[in-house]
Amino acid sequence: MNSPVEERLRAALAEAGATIDPDTLRPLPAPARRRTWMDARLLVVGAAVTAGVAATAVGLTLGPGDEQIAVAEPARIEPGKADMTVIMCSTSALVVKEPRCGGRDATAEQVAAVERAVRRLPQVEAAYTVDQQHAYDDFRADFALNQPMLDAVKVTDLPVSIRLTLKQRAVRREVEKSLRALPGIGGVTDNTATEAALESRSELLVNVFLCGKGTPLPSCGAERKSDGTVVKEGKAATRTQTIALTKLIKDMPEVQSVTFEDQRAAYENFKRAFTSNKTLLKSTKVSDMPQSFRVFLKQGSDWAKPVAMLRRQPGVASVSYVPCQKDGMLALSRYGMSPPEDKMCSPGS
C-alpha cells in the first residue's frame, strides 16, 4: 500500500467511531483533492471500493453467449440487503470520479452489457438494476433525517447502479476484479463491512483528535506551500492543553460522558481492527497514533455547538461527529456519491 491509501484506511476506522484520524498519522498525507474511486477505495471499513486492477475473469465472458442468462433478476433488492453494488459511470458532480469513465455517463448499451455479464457470474445469486428515480427514492429514505443532504441532491445526481446478492461461498475479490474490467463501470463497492459499521449510526459520538508531534495540520501550527508541501511541522498538544480540554468537555451541557484514549490504547485498538493486514501493522508504530477524547452527547442535544467550540481549542487537530461521517460512508457505499462535508448531516440527525 502507498501512503495516501494507508491514510484513508485509517481514516475509515476513525470515521466509523474508532480513534484513528488520517491527518494525525504519519507519513504526511497528500494535499486534499477531490475523491476518486482510487483514493476513496478504503474510506469504507474493510475495503468498500476496489482499486483499478486488470481483470482476471471468473466465469465472465462477453460475446455471442451473453444471452444465456444464469441468474434470474428479482423484482427488487433493497439497498441494505445488497452484498455488492456496481456504480455505473456518471458525470454528476456528486459522484466519485473514476478516470476510466473519461468524464462520460455510462450508455444504455454499457448498462445492458454489464447486466448480462453480472448474471453470468457463477458467484452471483441475484442482480437488480436501479435507475435514477428508484435510486433517488431509496436515497431519500436512507437520509430522511438528514435534511441538508436531501436538499443538496437531485434525482439527476444519482448514478445508475446494479445491486448484487452473492452465493454463500462467493469470493468477493474475484467478483470485483471481473466486473471492473467492463466499460461503463465507475466503481464496485462491497457493502457488507459498511452495513456492519453503520449499525451504531445513531450513536451521538464526537471524536476529538489531539495534535501530534510533526503533524502537517494548520490547526496545530503547521505551514504548507500552495502545492501542499509542508514547510513547518505542527506541534503536539501539551499537557496543559489536554487538561484544559478535559475540563471544557466535562462542563459542556450537551455532554453525557467522555473518555480519554492515549497512544498506547489507540494502537491496541488499531491492531485489533487490522489484525489481518500484516503490512499495515508492520508499518505503523505506537507513536503514529493520535491521542483523543471520545465524547458522547445527550439524546436530543445540538452537536454543532460543541463541535464548533472544540475545533477552536489549542492542541486540537480535528473534530468529527460520527453520524455525519457514517452518512458519508453510506452515500459512498450504496450510491457512489461523495457530497460536500457541509452537506452531510443536520444537527437533528
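Across all Cα pairs in the range 75-231, the calculated P(r) in 5 Å bins from zero up to the longest distance comes to 1, 8, 14, 16, 16, 12, 11, 10, 7, 4, 1, 0 percent per bin. Applying the criteria of a DSSP loop state and at most 14 other Cβ atoms within 10 Å to the trypsin sites (Lys or Arg not before Pro) of the range 251-296 yields K285. Using a probe of 1.4 angstrom and keeping all protein chains present, the accessible surface of the range 152-291 works out to 51 square angstrom per residue.
Treating r as the C-beta distance of S257 and Q168 and R0 as 45 Å, the FRET efficiency rounds to 0.65. By the Stokes-Einstein formula, at 0.890 mPa s and 25 °C, the range 209-349 with its Kirkwood radius over alpha-carbon pairs has D equal to 144 µm²/s.
For the range 257-349, GluC sites (Glu not before Pro) are listed when DSSP marks them as loop and at most 10 other Cβ atoms sit within 10 Å of their Cβ; the list is empty.
Ordering P290, L245, S276 by the projection of their Cα atoms onto the charge dipole of the range 228-296, which places +1 on the Cβ of Lys and Arg and -1 on the Cβ of Asp and Glu, puts S276 at the extreme positive end. Here the dipole of the range 267-349 is about 280 debye; that uses its Cα centre as origin and unit charges on the Cβ of Lys and Arg (positive) and Asp and Glu (negative).
The values are calculated or read from the model by the stated rules, or taken from the named source; none is laboratory data. Just so we're clear, the structure is a prediction, and the values are computed from it rather than from any experiment. Using ideal geometry, Cβ is built from the backbone for each residue, glycine included, and neighbour counts are taken over all protein chains shown. Accessible surface areas use protein heavy atoms only, side chains included; no ligands, DNA or RNA. Shrake-Rupley method; radii C 1.70, N 1.55, O 1.52, S 1.80 Å.
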